[in-house]
Amino acid sequence: VLSWLFIEPTMALSQEWTQWRGAQRDGKAAPELLPSVLPSELERRWHIEVGRGHSSPVVAGDRIFLLTREANEEVVRAIDLTTGTTIWRRSYAAPYEVNVSATSHGDGPKSTPTLSGGKLYAFGIDGILSCFDAETGHLVWRREFASEYPTTSPMYGASASPLVDGDRIFVHVGGYHDGAIAAFNVETGDPVWTTRGDGPGHASPILLELLGQRQLVTQTDTHIVGVAPESGRILWKIPFTTAYDQSIVTPLVSGQYLIFSGLDQGIFAVEVHRDGNSWTSAELWRNDDLPMYMSSPVLVGSRLFGFSHKRRGQFFAL
């Protein structure tokens, strides 16, 4: 697998992209930092071999950070944004057997690393959670979960990208129908809380405030859930399953509404209601003609743009 850079270095340096779907985890780039005119042709500046995987690169300052697989190891590397030179490279043993139904997906990691506070947090395909010093690549801490759960990743490999908030990192650990949404200390990796129950889905969590309550919202393998980040308490949940446990789409926020989708589940909006410490949810609208499978949507103003898997691929706006 090759990775190459087509954009002007000066443009790339203008904005950091530190986690899955960008700085705010919403798939949006700041419009004032985008070029007003695109070049008629793109010039390849450099390319390097980086191994296998679906993980997205993240960018901070003059560096790109990437998580991939080479042979039976997962590899984390920092790359010079302008030249493609490897600044540091760290690897660790990560044997993984691909589900027979996903052979064509390969055995490379799917979760995108998260940059925060000078550290890089990587979540491997079989549920190994690692923290590296972003400047030097030094391993700060690592957690593995084989002694805590029967399996350590969902059917098609751990895919959710870690979310950092203050002194905590949130990730859904464990495997098929048995896992925990968990918070760990960013400096030590020590557990802060774990909420055991559903196994992880493949969607990445988001953090937002609804009705005066900050909450972590994500898809598990059987529910959509809202979780109090300070304690791990489940505030509300909605039954939600997809064929073959493929809950992949990252939730989207539109004002006080939440938008979800999944394989053959349409796209729908939910409003959450609060009565003291009690929470309920209500569906506002649904469009069954445009479900999303592996692609998460983007909201621009009041218009939602997305990719549906219907008819082998449709680009749409709602």
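Total residues in segment 207-217 satisfying the condition of being open to solvent by less than 10 Å² (accessible area, probe 1.4 Å) and within 16 Å of Ser161 (Cβ to Cβ): the figure is 2.
Just one of (1) touching a helix residue (DSSP H, G or I) at 6+ places or on another chain (Cβ under 9 Å); (2) closer than 28 Å to Ala29 by Cα fails for Asp221. It is (2). Look at Arg142 and say whether it is surrounded by fewer than 22 Cβ atoms within 10 Å (Cβ to Cβ) and over 28 Å from Ile64 (Cβ atoms). Considered against the rule, which asks whether it is surrounded by fewer than 22 Cβ atoms within 10 Å (Cβ to Cβ) and over 28 Å from Ile64 (Cβ atoms), Arg142 comes out as no.
Residues in segment 74-97 that are without any contact (Cβ under 8 Å) to a residue 40 or more places away in the chain and within 15 Å of Gly157 (Cα to Cα) were compared, and the one that is most open to solvent (accessible area, probe 1.4 Å) is Glu97.
Look through segment 255-275, keep the residues that are outside any strand (DSSP E or B) and without any contact (Cβ under 8 Å) to a residue 40 or more places away in the chain, and return whichever of them is nearest to Leu290 (Cα to Cα). Among those that are outside any strand (DSSP E or B) and without any contact (Cβ under 8 Å) to a residue 40 or more places away in the chain, it is Gly266. Look at segment 58-71: where a residue is in contact (Cβ under 8 Å) with a residue 60 or more places away in the chain and of a type in the set (Ser, Thr, Tyr) and a partner is in a strand (DSSP E or B) and open to solvent by less than 20 Å² (accessible area, probe 1.4 Å), sitting 6+ places away or on another chain with Cβ atoms under 6 Å, you get Thr68/Val75. The strands (runs of 3 or more DSSP E) found entirely in segment 83-159 that carry 1 or more residues being of a type in the set (A, V, I, L, M, F, W, C) and under 20 Å from the mean Cα position of the chain (by Cα) are 114-116, 119-123, 129-133. Could you list all residues from segment 284-318 that are open to solvent by less than 80 Å² (accessible area, probe 1.4 Å), part of a loop (DSSP other than H, G, I, E, B) and not aliphatic (A, V, I, L, M)? Correct list: Pro291, Tyr293, Ser295, Ser296, Pro297, Gly301, His309, Gly313.
The values are calculated or read from the model by the stated rules, or taken from the named source; none is laboratory data. Bear in mind the structure is a predicted one, so any value in this text is a computation, not a measurement. Glycine also receives a Cβ, built like all others from the backbone with ideal geometry; neighbour counts cover every protein chain displayed. SASA here: full protein model, heavy atoms, side chains in, ligands and nucleic acids out. Shrake-Rupley method; radii C 1.70, N 1.55, O 1.52, S 1.80 Å.
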